[in-house]
Amino acid sequence: MIKETALFPQQVYQIANDIRDMKIRGAGRIAKAAAEALKIAAESYKGEDLEDFKRYIKEAAKLLTSTRPTAVSLPNAVSWVLKALNTNVSTLQAAREAVINQANSFIQYADQALRKIAEYGEKMLRDGDTVLTHCNSLAAISVIVEAHKKGKKLHVFATETRPMYQGYITSEMLLKEGVNVTLIPESSVRQIIRKVDGVIVGADTVAANGAVVNKIGTSLIALAAHERSVDFFVATETFKFSPYTLIGDIVPIEFRPPSEIVGVDFLKSHPNLRILNPAFDVTPPDYITGIITELGIIPPKAAAIIIEEMYGRPVISSEILGRVEEDIS
């Protein structure tokens, strides 16, 4: 639990805790939640000094970016909102309104991006296709649902996605839309892949070299798809592209608590047992057919161009974020 003080409203701490504890899941949802938290912080500021307000918002930004290390959507969303403080605001009221407007603009952009991704991505699916997806990605789901709405009859294999079982959420969302879904353990993917026409997954981070960091198990699915020459698409908003990788930073891989793997009683009865629970892995660009973004479908190795055009140099350094090293080459 993140220690609460009187500095920020309780809602900001609640959002930060929910991101950290995975009550808010998915890189896109995390990004929107962070923008919303900064908006709440700005609206709730009780001081009367412009410089103090800027420090206050930057402290809120640090709190939020400290919650999850891997999904670059989080610092990118925060950086988007912090741009408001770089404008020529000369009064506290103007600064407050700038932060609120910038947060709203990010949330609106995120919603519009999902619609665009759905429009571009559904064209990659044919009537009668069998599609495999992993974890719970709103971007990937939007592509499948849009194709379904266009009258394409699809069958979806959704992986359980252990240990947190995000695949259950994906299955429920697709079933609600009338899509034919079969839930499978990810350990069965190499057996199932022979029945699959294409794979669509989301992303938590896209590196400058086109490597994709996503929920653990994604790289094994990509490998199985590559072995069978099955198309492997990544559906993701461009705010999940990492500007930090342009300057040589490496993407952190988050390790979650052992209690997500086994129960507390089992841990107590086996004190010498070591448990590793990595939340993400890295899929190399050579295994990826294309990345479906709100700007269109791009080859993985064009990621650096997108990052340069959209972000340039990072606003928040990786040192501030306390990033953990992970090789993405």
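The values are calculated or read from the model by the stated rules, or taken from the named source; none is laboratory data. All values reported here derive from a predicted model rather than from experimental measurement. All Cβ positions, glycine included, derive from the backbone under ideal geometry; neighbour counts span all protein chains shown. Side chains included, ligands, DNA and RNA excluded: accessible areas come from the protein's heavy atoms. Shrake-Rupley method; radii C 1.70, N 1.55, O 1.52, S 1.80 Å.
Counting only DSSP beta bridges with both residues in region 215-308, what percent are antiparallel, rounded to the nearest 5?
Bridges in region 215-308 are about 60 percent antiparallel.
What residues have an amide H closer than 5 Å to that of ILE184, excluding those fewer than 5 places away on the same chain, when H is modeled at 1.01 Å from N in the peptide plane?
Long-range HN contacts for ILE184: ALA158, THR159, GLU160.
Which residue fluctuates the most in the chain, going by a Gaussian network model with Cα springs under 10 Å, if the choices are PRO299, PRO284, PRO271?
Taking springs between Cα atoms under 10 Å, the residue moving most is PRO271.
Rounded to the nearest 10 degrees, what's the angle between the helix 138-149 long axis and the longest principal axis of the chain, both from Cα atoms, 0 to 90?
That works out to roughly 50 degrees.
Pairs on different chains or at least eight residues apart, Cα atoms closer than 13 Å: how many lysine pairs in region 71-226 fit?
4
For the pair ILE275/GLU309, report the inter-label distance in nm, with labels modelled 7 Å from Cα in the Cβ direction.
According to this spin-label approximation, the distance is 4.5 nm.
Just order 34-42, 159-167, 83-91 by mean Cβ neighbour count inside 10 Å, highest at the front, would you?
In descending order of packing, they fall as 34-42, 159-167, 83-91.
For region 86-205, what is the relative contact order in percent, using Cα pairs closer than 8 Å and at least 6 residues apart in sequence?
After rounding, I find 27 percent.
With the contact rule set at Cα under 8 Å and sequence spacing of 6 or more, what percent relative contact order holds for the chain?
Here the relative contact order equals 18 percent.
Can you match Cα extents along the principal axes in Å to one of these, (i) 52, 42, 39; (ii) 63, 52, 39; (iii) 112, 42, 41, based on a calculation from the structure here?
The listed entry that was calculated here is (ii).
So if each residue of separation counts as 0.36 nm, and I subtract the Cα-Cα distance between PHE255 and GLN11, what length gain in nm does that give?
Residue separation times 0.36 nm, minus the Cα-Cα distance, leaves 85.2 nm.
Write down the accessible area per residue of region 113-192 in Å², having rolled a 1.4 Å probe over the full set of protein chains.
Result: 46 Å² of accessible area for each residue.
What's the ranking of 220-229, 180-189 by average number of surrounding C-beta atoms within 10 Å, highest first?
Sorting 220-229, 180-189 by mean packing, highest first, produces 220-229, 180-189.
Expressed in nm to one decimal, what extension gain is obtained for the pair ASN101 and LYS150 from 0.36 nm per residue of sequence separation less their Cα-Cα distance?
14.2 nm
Among rounded, prolate and oblate, which fits region 171-296 when a ≥ b ≥ c are the square roots of the eigenvalues of its C-alpha gyration tensor, a/c under 1.5 means rounded, and a/b larger than b/c means prolate?
Oblate, since a/c reaches 1.5 and b/c is not below a/b.
Considering the zone a paramagnetic label at SER90 would reach in this model (a point 7 Å from Cα along the Cα-to-Cβ line), which residues of region 40-79 have amide N under 16 Å from it?
50-51
How far is helix 50-65 tilted off the main Cα axis of the chain, in degrees rounded to 10, range 0 to 90?
For helix 50-65, the angle is close to 20 degrees.
Quick one: work out the % antiparallel among DSSP beta bridges in the chain, nearest 5.
Here the antiparallel bridges make up roughly 35 percent for the chain.
Of the accessible area of the chain, with the probe set at 1.4 angstrom, what percent is carbon plus sulfur?
That share works out to 51 percent.
Long-range amide H contacts for GLY26: which residues qualify at under 5 Å (H placed 1.01 Å from N, peptide plane, sequence gap of 5 or more or a different chain)?
none
Could you sort 49-57, 249-257 so that the peptide with the highest average Cβ count within 10 Å comes first and the rest follow in order?
249-257, 49-57
Would you kindly state how much longer the chain becomes between VAL264 and ARG20 on full extension, computed as 0.36 nm times their sequence separation minus their alpha carbon distance, in nm to one decimal?
85.9 nm
Size of the dipole of the chain about the Cα centre, Lys and Arg at +1 and Asp and Glu at -1 on the beta carbon, nothing else charged, in debye to 20?
Dipole of the chain, to the nearest 20 debye: 460 debye.
Anyone know which of LEU175, LEU74, LEU267 comes out most mobile in the 10 Å Cα GNM of the chain?
Judging by the Gaussian network model, the answer is LEU267.
Taking springs between alpha-carbon atoms closer than 10 angstrom, which of LYS301, LYS152, LYS268 fluctuates most in the Gaussian network model of the chain?
LYS268
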